[in-house]
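Please read the structure below before turning to the comments.
The values are calculated or read from the model by the stated rules, or taken from the named source; none is laboratory data. From a predicted model like this one, the values you see are computed outputs, not experimental measurements. For neighbour counting, all protein chains shown are included, and Cβ atoms are generated from backbone atoms with ideal geometry for every residue, glycine included. Just the protein is used for accessible areas: all its heavy atoms, side chains included, with ligands, DNA and RNA removed. Shrake-Rupley method; radii C 1.70, N 1.55, O 1.52, S 1.80 Å.
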Amino acid sequence: QVQLVESGGGLVQAGGSLRLSCAASGNILSINAMGWYRQAPGKQRELVAHISSGRSTNYADSVKGRFTISRENAKNRVYLQMNSLNAEDTAVYYCYINLQMTYYWGQGTQVTVSS
């Protein structure tokens, strides 16, 4: 079985920064893509950032230039550095991995940005 555990969420003032971390454990040989989605109240879940096995990255337009995704393969971890946060970034953030054509999800971590 594969488990993902996120950490690093919390309450931050507008303009501040947070770093989310997601650790994958279990029967893992080689992770393909990794990334982060978020879901704000009353809104659909949206892709925030994606990183491939070759470390190519994609970002939502709303976070480009402010968020940075990275991965640490030796520890099966993916990170999301979030800078210049604003109220529109308030959401539950979910990490995911793609492992042998199957997607696995974390339980989510709340990020709240106060204005």
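Within the range 89-112, the set of residues being surrounded by 13 or more Cβ atoms within 10 Å (Cβ to Cβ) and outside any strand (DSSP E or B) comprises 89, 90, 106, 108. Residue 50 satisfies every condition listed in (1) within 12 Å of residue 78 (Cβ to Cβ); (2) open to solvent by less than 30 Å² (accessible area, probe 1.4 Å); (3) not hydrophobic (A, V, I, L, M, F, W, C) except (2).
Looking across 4, 47, one residue alone is without any contact (Cβ under 8 Å) to a residue 24 or more places away in the chain, of a type in the set (A, V, I, L, M) and under 12 Å from residue 96 (Cα atoms). It is 47.
Taken residue by residue, the range 74-82 has at least one member that is in a loop (DSSP other than H, G, I, E, B) and not basic (Lys, Arg).
Against the condition closer than 27 Å to residue 113 by Cβ and either of a type in the set (Lys, Arg) or exposed (fewer than 12 other Cβ atoms within 10 Å of the Cβ) (or both), how does residue 75 come out, does it pass? In short, no. On inspection, residue 11 qualifies as open to solvent by 60 Å² or more (accessible area, probe 1.4 Å), part of a strand (DSSP E or B) and within 20 Å of residue 115 (Cβ to Cβ).
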